[in-house]
Amino acid sequence: MSDALLSTPVALAGAGLAAVLIGVAGHKIKKNDDSSLVPLMGVMGAFVFAAQMVNFSIPGTGSSGHIVGGVLLAALLGPWAGFLTLASVLIIQCLIFSDGGLMALGWNIINMGAMTTLIAYPLIYKPIARASTKPWRLAAASVAACVAGLELGAVMVTVETWLSGITALPFLGFLGLMSAIHLAIGLGEGIATSAVLVFVAKSRPDLLVPASAAVHSGKKGVKKAVIWFAVAALVVAGGLSFLASSDPDGLEWSIGRLTGGVELETAGNAIAEGAENIRQTTALMPDYESSFSGVVGAVMVVALVWAVCSVITSRRKKVTVKDEQA
Amino acid sequence: MSRLEKAVIAVKSSSTGDGCGSCDVRCRILVTVCYLCMMLSVAPADLARLILFALYPVLACAIDGVSYGRLFLRSCIVLPFVVLIGIFNPFYERTTIFTIAGVDISLGWITFTSIVVRGLLSMQALMILVGRHGFTAFCRGLRSLGIPRFLSTQLEFLHRYLGVLLMEALTMRRAREARGYGGNGLTLKSWGEFAGQLFIRTVGRAERINRAMLARGFNGSMPSWRGNEQSWRLSDTLMLIICCSAFVLLRFVNP
């Protein structure tokens, strides 16, 4: 998800929801009271990051792919620790590698982190894999959980985009496109995740057992979390659809109540008329409609400021170089 | 240069930033959040207002003494995704808004351009924020703004060991390439073994780190850092007020 496709209320709702989930994850880890988990989570995040940078070739397509790592982290650390680790990876990817955007970060954490570690892992991976280290079980659980997690993420992206109302793509068309793409990505992710888990099960099976039972929340805890998450999502979605409506926003509504119209009108006086005459005479493109003139005007203002700033910056650099030489 | 090598360089250069940060990192974080909130709330059809929001990255670059052109080019990384999603707008929104030299410009093209501009501006704001101060200062700024200690500790750990593990992965990949007789690309099976091997090395490293930290009195969170910490000054307060007022004016007042 990118900042460009989100409206402010939707972005803030995502940030709030992600903050709540991160808070819950932190609380669960604190309750666990295992100091070895903190460095393990940090280094595991770095491992997923490093693994993401090494692409594998996709047979028959000539292209390559890499993992996201949600199910992998949940299988190795437990759902809440896995979620927090993946959230940190996404924060670093956003800040250092400029993936997504700061306002889209909340939803990216939910779409990629919560959907895989808090939904797909406990509800799909765990019932299939159980405590077994048999390769076929691990492979089936990984593929099913990754496909489900990524598909859920794709649905969430579609809903968030639709609620924001920035793109004109019809909801069902966008959903179909996203689901198809993420089905293929999920299959690749699942096979890659199972390849790592099978290797770990052969070499160090003890590592597949989570670090602590408290972080690996029980069936009841997970169910509770899923219910809370669903309720929160419904509340947020309901609230957002109201906010994303075509009605005026708060300030516009207030102005409308006060003046009878959404925009403030200029009072007709001699000064305003004079200013309008000057504008008409000096306008570069008086024949074009105001929206186009506005765009060109805005571009010119930014270009002018940029030019002035560039001159100042280059002069400052020259002065600094001279000072250094002196 | 491979993605792995680029990532190693990016992580190494991100820890301290370029040192051009002219204000407190907390002030910059608050200004950036206000900027993004105001900029992203502009209606997609209001392209002129959106373009005026480009004044912030241009002026911020000038104040910090860095080139806006370079920042602009770097922010183009966001283009493939936003163009892919936005390109459908001209097909669905066909109402003509204005005509230039006989060519009708539809609402779809305006909103498409608007999506691209939003993507570029949000990326530039983010790059200004992190690029100037560096990731370590950014984490400390977040902590003093009240984010939970466990999250900032986790982020600092992750960032610190990212460089180490990326180097480990790079070494393993080079060793494989040297023995691969020109064979390029990892198959899924060999990738699984590669990543599994990296994981086992990672766990070994995490265990060593944990023992070393426990020996030095680690209690679950990083100690506070006091050396050379920049304090909040009057100029930061003024900058925050001026910038936020300017963004609110840009958003709500018709030029």
Next item on the list: Kindly check whether there is at least one residue in region A:61-69 that is under 29 Å from residue A:31 (Cα atoms) and in a helix (DSSP H, G or I).
Entry: no
Notebook entry, point to check: For region B:56-78, what are the residues that are touching a residue at least 40 places away in the same chain (Cβ under 8 Å), within 19 Å of the chain's Cα centre (by Cα) and facing chain A (nearest Cβ under 8 Å)?
Noted result: B:61, B:66, B:74, B:75, B:77, B:78
Notebook entry, point to check: Under the condition of being assigned to a helix (DSSP H, G or I), hydrophobic (A, V, I, L, M, F, W, C) and surrounded by 18 or more Cβ atoms within 10 Å (Cβ to Cβ), which residue from region B:79-108 is nearest to the chain's Cα centre (by Cα)?
Noted result: B:82
Margin query: Residue under question is residue B:197, and the condition is that it be among the polar types (S, T, N, Q), surrounded by fewer than 19 Cβ atoms within 10 Å (Cβ to Cβ) and not assigned by TED's automatic domain parsing to the domain that holds residue B:67; does it hold?
Written below: yes
Margin query: Condition (residue is without any contact (Cβ under 8 Å) to a residue 60 or more places away in the chain and more than 9 Å from chain A (Cβ to nearest Cβ)) applied to region B:146-164: is it met by at least one residue?
Written below: yes
Check: Only one residue in A:19, A:75 is under 23 Å from residue A:1 (Cβ atoms) and either at pLDDT 75 or above or buried (at least 23 other Cβ atoms within 10 Å of the Cβ) (or both). Which one?
Finding: A:19
Check: Among the residues of region A:43-55 satisfying the criterion of being within 22 Å of residue A:28 (Cβ to Cβ) and in contact (Cβ under 8 Å) with a residue 40 or more places away in the chain, which is surrounded by the fewest Cβ atoms within 10 Å (Cβ to Cβ)?
Finding: A:48
Check: Does region A:113-138 hold any residues that are part of a helix (DSSP H, G or I) and of a type in the set (Gly, Ala, Ser), and which are they?
Finding: A:113, A:114, A:120, A:129
Check: Right, residue B:51: part of a strand (DSSP E or B), facing chain A (nearest Cβ under 10 Å) and over 17 Å from the mean Cα position of the chain (by Cα) or not?
Finding: no
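The values are calculated or read from the model by the stated rules, or taken from the named source; none is laboratory data. In this text the structure is predicted, and so the values were computed from the model without any measurement. No Cβ is skipped: glycine too gets one built from the backbone with ideal geometry, and neighbour counts run over all protein chains shown.
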